[in-house]
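Enquirer: Here it is, the structure, as structure tokens.
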């Protein structure tokens, strides 16, 4: 039996689209990957003008990363 392989190129393409759309740095994308965030769900986490209580997406990712791993930057 053969194992089904996940298409890594499409997954990387999703992350590059998220990075471009939400103006994220490579550092923020790496943090989001380590946190296990889904690139398809980033739109619901992103701050829009109508939601002033939400933090900007890069700040939100940094805060969640620091809470979980107790460090500021990925290795």
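Enquirer: Quick check: anything in the stretch 40-47 part of a loop (DSSP other than H, G, I, E, B) and either modelled with pLDDT under 95 or surrounded by 12 or more Cβ atoms within 10 Å (Cβ to Cβ) (or both)?
Expert: Checked the stretch 40-47: at least one residue is part of a loop (DSSP other than H, G, I, E, B) and either modelled with pLDDT under 95 or surrounded by 12 or more Cβ atoms within 10 Å (Cβ to Cβ) (or both).
Enquirer: Can you name every residue in the stretch 50-75 that is surrounded by 13 or more Cβ atoms within 10 Å (Cβ to Cβ), within 11 Å of residue 31 (Cβ to Cβ) and free of Cβ contacts under 8 Å to residues at least 24 places away in the same chain?
Expert: 60, 66
Enquirer: Surrounded by 10 or more Cβ atoms within 10 Å (Cβ to Cβ), out of contact with any helix residue (DSSP H, G or I) (no Cβ under 8 Å at 6 or more places or on another chain) and in a helix (DSSP H, G or I), is that true of residue 19? Spell out how you get there, then give the answer.
Expert: On the way: surrounded by 10 or more Cβ atoms within 10 Å (Cβ to Cβ): yes; out of contact with any helix residue (DSSP H, G or I) (no Cβ under 8 Å at 6 or more places or on another chain): no; in a helix (DSSP H, G or I): yes.
No; evaluated as a whole, the condition is false for this residue.
The values are calculated or read from the model by the stated rules, or taken from the named source; none is laboratory data. All values derive from a computational prediction rather than experimental measurement. Positions of Cβ are backbone-derived with ideal geometry, glycine not excepted, and every protein chain shown enters the neighbour counts.
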